[in-house]
Structure formats: structure tokens, C-alpha cells
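**Student:** Okay, here's the structure, questions in a sec.
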Amino acid sequence: MNKCTMCGSKMNKVSDSLLHYTECGLSKVYLKGIFIYQCLNKECNEEEITIPNIEELHQLLAENIATKVNKLMPEEIRFLRTYLGFSGVDFADAAGVSPETVSRWEKGTVNMKEVSERFLRVLILSKAGPFRNYEVLKGFASKASKTISKHYFKVDHSHWAVDMMACARPT
């Protein structure tokens, strides 16, 4: 049996019913199978909720939102941005807009443009991939070039890889 973190008394499992989970910043998220515990001390009456593997839950939420057909709602934009770990200013910088624009998207006073919305969704859906370091995004398309770069690849046991040795050779 659990102990109350407030008074140390025993906690009683009240239910494993549907929980309206607004703490994530989204108004319409419901969790099934969550246990709610209540302190047996009538003076304390503290309630505790245990949500297992919350990181996985938030990842699933983010992917679910990013793959929906409808336009993103302001609270969904805020949730996805914070899920990615961006401040409003950092996200504005990555998306190529002003911080005020991000604020307006999240307040619902301005609609997010389709290209920005797609960018946000791609960041969510590729989080396990190449965008683990969002600082890298600042370098993409930041320099002009008049020549096309050479790219060297090699096959190794039926798998392709960048040929780093060829890339290092002067041309």
C-alpha cells in the first residue's frame, strides 16, 4: 500500500477510471486505466495519481496530433513546441518567423501557415531521426553556393554509407 507524501498515512486505491488529463496543456486528453489513490487520513484527504511512462504517453500524444488531417489548434501548437523542447523564441528562430508570430499562433489570434505547420509536424515525426540536435537546424540553407557539392557513397555488406575517405580527399 502507498503512503501519503503529505502526512505519511496509508493511501487507498480509489479507482482506475477515466482521467481527464489537462496537465499536459491539452484540454481534451483522457487516460484510461490510471490509478487514483486517496489518503485515509480524513484531515489530509490528499489525492495522488500515478501515470506510468509519461514520456511515452507524451510521445504518442505528439505523434497523434502531428498525423491528424485537420489544422493544428493553438493549444496543440504549444504542446508540440514544448514537447520538442523549444522555447517560443527558439522555435521562432528555427521556423524563420518572429517570436510574436509564434505567440499569436499559440493564442489563436493568427492562423499558422501551412508550411510552418508542416515544418512543426515533420520535426515531431522525425524526432527519433536526424533532428535530435535542433541547433543543427540553424545551419540548414544558411550559406549560398554557386557550385553543386560532390557526394561520395560506398556499399559495404549490402548497406550504403557516406564514403568519408573520398569526401576528405582534395578535388
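The values are calculated or read from the model by the stated rules, or taken from the named source; none is laboratory data. Being a predicted model, the structure only gives us computed values, none of them experimental. Neighbour counts run over all protein chains shown; Cβ positions are idealised from the backbone, glycine included.
**Student:** Do the conditions hold for GLU43, that is, is it among the acidic types (Asp, Glu), over 30 Å from VAL115 (Cα atoms) and out of contact with any strand residue (DSSP E or B) (no Cβ under 8 Å at 6 or more places or on another chain)?
**Tutor:** Answer is yes for this residue.
**Student:** Out of SER9, SER17, report the one residue that is among the hydroxyl-bearing types (Ser, Thr, Tyr) and touching a Cys at 6+ places or on another chain (Cβ under 7 Å).
**Tutor:** Exactly one residue qualifies, and that residue is SER9.
**Student:** A further question follows. Within the set of pairs 6+ apart or on separate chains, which have a first residue in the range 57-78 that is farther than 20 Å from LYS107 by Cα, a second that is among the β-branched types (Val, Ile, Thr), and C-beta atoms under 7 Å apart?
**Tutor:** LEU57/ILE51; LEU61/VAL29; GLU63/ILE124
**Student:** Sort through SER98, SER145 and tell me the only one that's at pLDDT 95 or above and small (Gly, Ala, Ser).
**Tutor:** SER98
**Student:** Inspect the range 47-54 for any residue being closer than 30 Å to CYS4 by Cβ, touching a Cys at 6+ places or on another chain (Cβ under 6 Å) and not small (Gly, Ala, Ser) and give the result as yes or no.
**Tutor:** Within the range 47-54 (the criterion being closer than 30 Å to CYS4 by Cβ, touching a Cys at 6+ places or on another chain (Cβ under 6 Å) and not small (Gly, Ala, Ser)), the answer is no, since none of the residues qualifies.
**Student:** Within the range 1-91, which strands (runs of 3 or more DSSP E) (wholly inside it) include 2 or more residues that are buried (at least 16 other Cβ atoms within 10 Å of the Cβ)?
**Tutor:** Details: elements: 11-15, 35-39, 47-50.
Where strands (runs of 3 or more DSSP E) fall fully within the range 1-91 and carry at least 2 residues being buried (at least 16 other Cβ atoms within 10 Å of the Cβ), they are 35-39.
**Student:** Which residue, of SER126, SER103, is within 17 Å of the chain's Cα centre (by Cα) and either among the β-branched types (Val, Ile, Thr) or closer than 30 Å to SER142 by Cβ (or both)? Full working, then the answer.
**Tutor:** Numbers: SER103 fails: within 17 Å of the chain's Cα centre (by Cα).
Going through SER126, SER103 in turn, the sole match is SER126.
**Student:** Follow-up. As an exercise: evaluate LEU26 against (1) outside the structural domain of SER116 (by TED's automatic domain parsing); (2) free of Cβ contacts under 8 Å to residues at least 40 places away in the same chain; (3) touching a helix residue (DSSP H, G or I) at 6+ places or on another chain (Cβ under 7 Å) and give the number of the one condition it does not meet.
**Tutor:** (2)
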